[in-house]
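Working notes, beginning with the structure itself.
Just so it is clear, none of the values below were taken in a lab; they were calculated from the coordinates. Values in this document were obtained by computation on a predicted structure and should not be read as measured data. Positions of Cβ are generated from backbone atoms using ideal geometry, with glycine treated the same way; all protein chains shown enter the neighbour counts.
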Amino acid sequence: MYLKDLSEIYGASGNEEKVRKYIRDVVKKTGKTDFIKEDHLGNLMCFKKGKNQKKTLVLMAHMDEVGLMVSKIEEDGKLNVLPVGGVDPRVLLGKRVVVGEKNIDGVIPFKAIHLQSKDYKKIPDWNDVRVDIGAKDKKDAESKVNLGDFCHFRTFFEEYQNRYVGKAFDDRVGCAIMLEILESMNDLPAFNIVFAFVVQEENGLRGSGAVLKHFHPDAALIIEGTTAGDNPELKRERWSTHLDNGPAVSYLQSMHVIDRRLFNAIVQTAESIRIPFQIKGRTVGGTDAGRLARSFYGVPGAVVSVPARYIHSPVSVMSKEDYNHTRKLVNELVMTENYLKVLEV
Amino acid sequence: MNKKIKDMLFEFSQAYGPPGREECIRGVIKKRVENLCDEVFVDKSGNLIALKHATEKTEGRLMVSTHMDEVCLVCSNVLDSGYLRVETIGFDPKLLPSQKVTVHTKNGEQLRGIVGMLAPHLQTDETRSKISDYDDLFVDVSMHDISKFSVGDFITFSTEPFETKPFVFAKTIDNRGSCIASIVALEYLQKMRHSFDFYAVFSSREEIGAFGARTATSLIQPDVSVALDVTHGDIDMPGHVKLETGKGPVIAKGPVLTKMVSNGLTKCAKNNGIAYQYEIIPSRTGTDADQIQLEGFPVGLISIPLAYMHNTYEKINVHDIKETGRLLSLFGSELNRCFLSIQSEEEGEKECI
Amino acid sequence: MNELIKKLVSVSSPSGHEKKVHQAILEELEGHIDGHKYDPIGNLIVWKNGTSNQPKKYLLDGHADEIGVVITNIDDKGFLRIDPVGGVNPLMLLGTIVQFESKTTKEIIRGICSFESETFEDVKKNFQNPNYDVMFVDIGANSKEEALKHVNIGQFGTYESQVIEQNGKLISKAMDDRIACAIIVQIFKELESCPNDLYGVFSVQEEVGIVGASVAGYDIMPDMAIAIDVTANSDTPKGFKRMDLNLGKGPAIKIKDKASISDRVVVDKLTQCAQENDIPYQYEVLLFGGTNAHGYQLTRSGIPSGTLSIVTRYVHSPHEMVDMVDVLNAVKLLKKAVED
């Protein structure tokens, strides 16, 4: 199952090799693309000609997840780490991680509660976070890991009747949906499609712009795993999305307004094939659509997201129904003319 | 070589060059590189680009980017009473009280100004406990006719460099020290064969967002790039390995820096007996490398350890500049077309283009 | 020119929804341009071909979008929740009227913005630290259904329009940056012919992050790009003592703001044109903010760019004030600049 495999692979921003290899192997195995290209930043682009070859749609998801990097190995063998992408140190306390190419097991402990008196309410910051890999001292640690090694959350995927639980749903759901769409493609899509699996979205939307040098798309459709916020501690009016309400369609993000024509095309398509959907309730956060709109010659884009609770932490929760509906909606946008046609006006 | 470096440090440190107004430092650098390369030109962004062609058939392009602009101040209000209000471009206000500055006027004059501070006798408990920020500071130019000044005049600090071997203390070693390392590389390359064209870009406006590096990258379309900057040396930073002056160039590792280039630089240093240090940067680097990566090209970052960055006197070990230049020249000469192949992980093979 | 300005500021076109004001601009430009097109992300580009043998290429940019708000939620009682579009200080919204277009009747639906206030403590807190989590908009609907008759979640709105002409000043929402759009339109109207190629770009989405101007210059690659935008002022009681920007002293030639430093060639050219033609001007160093010049400077291999600013009071409020002396002189100055 692509989602399970992708969720468990370790690949933080700048360290996406294993994710890319998995995806490349799957794409090759489907035999459904015309050719595959990789650029020097690590972006993977899979080209498929369509019925109408006058226009090109780029379907995009990012391969990277948030993680950590070893910035110093202390004399006592413990590791100092710094965040790659947006990681709140509070989600790390007491969690398992893996370090480096060999996935050395480690844990991020916190002082035993019995010994905390004044520290109990202290907000931990990056100076308090240490990874313990069981090394005796610095020399022992250096025989197992290196300065600059990436650390990833270690979380196994779980499936329930209507829930998936795992890490990195932002944005392995996007990657998984793209693979499933490609695999099940038995006919040519309406227009040319480039399946673009990009790098380094989490540390500043740094990979996606570069793909525009390799082909010239007319529009972009980004598939993301997005925030939910639908828990008892946040008032309903400020929820971003609600699980089981369907794929979320965005209209505004930090630093970018979604092309209104494309937004309308998505909403109308969902209504016409009777897919439940929700309009995203919050406007914070950025995606690669924002990067593409302001790079080189500019490409209009829109975003469809699977709602996921607790993203950017070791464990996320999402709805199976939402996942399936999102895939169906994106599939319809890819296979039919609805999406790109609106740009002709 | 060390004496040459020291002389260049003294000269470059004094050359005027705020972001967007680098004409003077550009002229100074041009004189030093003219005889070391085949072409020198200035592009539309104000970058100085010095190109040394490959000694044989060109197999690719290497771009080395070092920014030549400096941190400084700019006049934001002229007061008839003989004072200027200022806005900062990267400079710590705590270093300003009692500092002599030079105001560069629209008429091309360079006029003395003094950033003053109230004498201790006149201070109160309240003023003593405050750090002056830019809203409180002023530059005294009462020794001149106030009509000579306008909003938008750039202001640099007046400090003279001095040497205490192996160190040089001077202003603007960020980033003129790296420019010098680039020139040192060109010097070494005079006696080396290299199959990659070597573009030494002296970039503009890095201090306000690396504009020059971005546009130079678009113009040159390099196959490989290395940005050269400075980093904090000789200071404890919790969570980071301490970097030391005198211990050689610092190779940066992190998502922004393409692994192929960081690994290539490390290998080159190891093979040629150049001592080096590592710096871990998990986010954007704050150097030309950020913009080079956004333009879509593989990039590495080498930094020279520097103490007291953005101070009126920064401190550098001349040896580090030399070794950085040496590393760059060796990296440049060892580059060949196979370096550019995208590695296929599953087959473990390199497909040479 | 006052009528032109009034027409453009009265249109409600927040970021991402510039079509309406683009249409108004094209109406005004009819007969005065050689062509127009929309680029992939919606920037409106117009041009007039130069008459000389070796024409230079000039680009004048005014952003067509204005700041606004977007409806994020509608509660059961018919109250709207909003998020800002661009830099809208929540303090500015207290008691302010925002407007949306009814999806059914196309009429203007007005709403009053206010804060939650369950206790006196809340009132104090929300006034001292206003934020969008505690803000709502009241359009007078009695229920969610009634509200949904006119507006939707995801619908964009702006400040209400109200234009005031008084003492030589013009006051309205969206002077930022319709004043620039008006200046560019006026230049195309007044320039019968020009030796150089002149491009006018009415760019999109500047307020959310200089999106349009980052790509508008890609195909054109002019010899020089001049962004026209508003800048702040220091001439109100106890105005910013560190800046020197005054209404009525002429257009401001920008040296620096937080997003860019104007290229020397642009500053020198504008200065020279002003001096040679006796046009009043001032120099500008802005301590915050940025303009589209940033986007052009970063385009491809670089476009020498700068900004000519109109000093404006109360920027990003519903009532921005400009002095027509500055506006008319800006038209004069830029006309001379592009003819050179």
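Using only alpha carbons, segment A:67-153 has a radius of gyration to Kirkwood radius ratio (Rg to Rh) of 0.97. When both bridge partners sit in chain C, DSSP labels roughly 65% of those beta bridges antiparallel. Taking a sphere under 14 Å around the Cβ of B:His53 and counting the other residues whose Cβ falls inside, with K and R at +1 and D and E at -1, yields a net charge of -1. The local environment of C:Ser234, defined by Cβ-Cβ distances under 12 Å, has a net charge of +3 under the rule Lys, Arg +1 and Asp, Glu -1. Using a ≥ b ≥ c from the Cα gyration tensor of segment A:281-333 (square roots of the eigenvalues), is it rounded, prolate or oblate, where a/c under 1.5 gives rounded and otherwise the larger of a/b and b/c decides, a/b for prolate? Verdict is oblate for segment A:281-333. Put in order of Cβ neighbour count within 10 Å, fewest first, the listed residues B:Phe12, C:Phe156, A:Phe277 become A:Phe277, C:Phe156, B:Phe12. For A:Lys29 and C:Tyr38, a Förster radius of 56 Å and the Cβ-Cβ distance give a FRET efficiency of 0.85, rounded to the nearest 0.05. Look at the alpha carbon pairs under 8 Å that are at least 6 residues apart: their mean separation over the length of chain B gives a relative contact order of 23 percent.
Highest mobility in the GNM of chain A, judged by mean-square fluctuation with C-alpha springs under 10 Å and restricted to A:Lys32, A:Lys122, A:Lys138, is found for A:Lys122.
Below 8 Å between Cα atoms, with a sequence gap of 6+, how large is the relative contact order for segment C:68-159 in percent?
Here the relative contact order equals 43 percent.
Using the Cβ-Cβ distance between A:Glu158 and C:Asp133 with R0 set to 25 Å, the FRET efficiency from 1/(1 + (r/R0)^6) comes to roughly 0.15.
Summed over qualifying helices (DSSP H, 4 residues or more, each -39500 (n - 2.57)) and divided by its residue number, chain B shows a 222 nm mean residue ellipticity of -8000 deg cm²/dmol.
Mean sequence separation of contacting Cα pairs (under 8 Å, at least six apart), scaled by the length of chain A, corresponds to a relative contact order of 23 percent. In chain C, the DSSP-assigned H stretches of four residues or longer account for a calculated mean residue ellipticity at 222 nm of -7500 deg cm²/dmol, using -39500 (n - 2.57) per stretch and the full residue count as denominator.
Computed over chain A, the per-residue total of -39500 (n - 2.57) for DSSP H runs of n ≥ 4 gives a 222 nm mean residue ellipticity of -7000 deg cm²/dmol, rounded to 500.
Lys-Lys pairs in segment B:205-276 that are eight or more residues apart or on separate chains and whose Cα atoms lie under 19 Å of each other come to 7. Charge tally for C:Val21 (other residues, Cβ to Cβ under 12 Å; Lys, Arg +1; Asp, Glu -1): -2.
For the protein assembly as shown, just say rounded, prolate or oblate: build the C-alpha gyration tensor, square-root its eigenvalues into a ≥ b ≥ c, call rounded for a/c under 1.5, and beyond that prolate if a/b exceeds b/c, oblate if not. Rounded. Listed from fewest to most Cβ neighbours within 10 Å, the set B:His53, B:His121 follows the order B:His121, B:His53. Here the spin labels are modelled as points 7 Å beyond Cα on the Cα-Cβ line, and at A:Val284 and A:Glu237 they lie 1.7 nm apart. Could you tell me which of the pairs A:Lys18/B:Lys57; A:Lys122/B:Lys94; A:Lys28/A:Lys144; B:Lys171/C:Lys258 are separated by over 26 angstrom between their Cα atoms in the structure shown? Correct reply: A:Lys18/B:Lys57; A:Lys122/B:Lys94; A:Lys28/A:Lys144. Under a crude label model (7 Å from the Cα following the beta-carbon direction), how far is C:Lys6 from A:Ile36 in nanometres? If labels sit at C:Lys6 and A:Ile36, their model points lie 6.5 nm apart.
I need C:Glu160, A:Glu224, B:Glu34, B:Glu279 ordered by Cβ neighbour count within 10 Å, fewest first.
Numbers: C:Glu160 16, A:Glu224 27, B:Glu34 11, B:Glu279 23.
Fewest to most other Cβ atoms nearby, the residues stand as B:Glu34, C:Glu160, B:Glu279, A:Glu224.
Given a Förster radius of 30 Å and the C-beta distance between C:Asn277 and C:Lys169 as r, what FRET efficiency does 1/(1 + (r/R0)^6) yield to the nearest 0.05? Calculated value: 0.80.
Remark: the Cα gyration tensor places segment B:72-157 in the prolate category, a/c being 1.5 or greater and a/b exceeding b/c.
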